[in-house]
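Report on the structure given below.
Every number in this text was worked out from the coordinates using simple rules, so none of it is lab data. Since the structure is predicted, the reported quantities are computational estimates derived from the model, not experimental observations. Counting neighbours? That spans all protein chains shown, and the Cβs are built from the backbone with ideal geometry, glycine included.
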Amino acid sequence: MSQPKTDAPILQADNLVKTFPISGASLFKKDVFTAVDNISFDIRQGEMMGLLGESGCGKSTTAGMIMGLISPTSGEIRYQGRVISGLKDKAYRPYRRDIQMVFQNPFDCLDPEITVGRLLAEPLTVWGIGETKDERSRLIAEMLEACGLPADCVGKKPPEFSGGQLQRIAIARALLVRPKFLVADEIVSALDVPVQNQILELLMTMKDKMGLTVLFITHDLAVIRRIADRVMVMRGGKLLSIGETRAVLDTPEDDYIRELTQSAFIFRKT
Ligand SMILES: Nc1ncnc2c1ncn2[C@@H]1O[C@H](COP(=O)(O)OP(=O)(O)OP(=O)(O)O)[C@@H](O)[C@H]1O
Ligand SMILES: [Mg+2]
């Protein structure tokens, strides 16, 4: 199932812009804030692309546009050559299974009142994966094992798990529908370092096993250095640099990136 890395882009963004109205602006004078400021990039089939930048630089807004949750003000995103940006819900649906997302806080997407078994069965039912209940249970058991979770967790509810275990459950849920593209938005930022490392290992293993392409969003330089094949660095909505991780971070051409790599405070060094 694993697909080799290629230079062919699976996802391309061209001149992507997202502005938000500034609250309080008058009816006659429409002031806007530019959260994503004319960025273009490509993500290659099978790669781990990092998206690095400080809080508020536009990372999640970019992710939201890829996920069909936010319409760009201008510009477009193509997935496997087809325009997916700005599509309404129904038109985006053919891509919704292929393109999955995991968030910083798994509590946001895992209903605390519902058992893990039901939470994991839901996407299978929605997408018609597995002919019978038994087959769906088998798929869930296999994915739980692959994600390092005990089989008996299907009977438990989210509040009974630690943050790291919950993130494993969220990853299992996203991967159960066998996506091709995964957006991971700060998925280890709320976890202790040893648990972060376990989740990163899991992500890298599953990426290789399933031939996934991953957009890994973080403000953490050390994490990017560790896992990203290529990286793009954003600041104030703009894309400062994109390229091989070592080239971008070890010989930075941009002053801000040079500062980041020298800063031990916000962006830790490896
Ligand atoms: N719906 C919205 N309305 C108005 N402004 C918004 C909206 N969504 C995001 N913004 C603003 O756009 C900017 C970029 O936000 P975004 O969430 O993309 O940043 P981020 O890089 O993901 O930050 P963080 O690391 O804190 O998650 C921020 O200044 C944010 O306040
Ligand atoms: Mg964000």
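Working from the Cα coordinates of the chain, the gyration tensor eigenvalues give, after taking √(5λ), semi-axes of 31, 23, 19 Å in decreasing order.
Relative to the longest principal axis of the Cα atoms of the chain, the long axis of helix 116-126 lies at roughly 70 degrees. In the stretch 139-232, the ratio of gyration radius to Kirkwood radius, Rg to Rh, stands at 0.95 when only Cα atoms are counted.
Pairwise Cα distances in the stretch 37-156 exceed 26 Å for 37 percent of all pairs.
How far, in degrees from 0 to 90, does helix 133-146 lean away from the longest principal axis of the Cα atoms of the chain, to the nearest 10? Roughly 60 degrees, rounded to the nearest 10.
Over all orientations, the stretch 96-160 has a Cα convex hull whose mean projected area works out to 4.8 square nanometres. In this entry, the stretch 82-212 is assigned a mean projected area of 8.4 nm², taken as a quarter of its C-alpha convex hull surface.
Show me the ranking of peptides 207-218, 111-122, 127-138 by mean Cβ neighbours inside 10 Å, starting with the highest.
Ranking the peptides 207-218, 111-122, 127-138 by packing returns 207-218, 111-122, 127-138.
Estimated purely from DSSP H runs of n ≥ 4, each contributing -39500 (n - 2.57), the mean residue ellipticity at 222 nm for the chain is -10000 deg cm²/dmol once divided by its residues.
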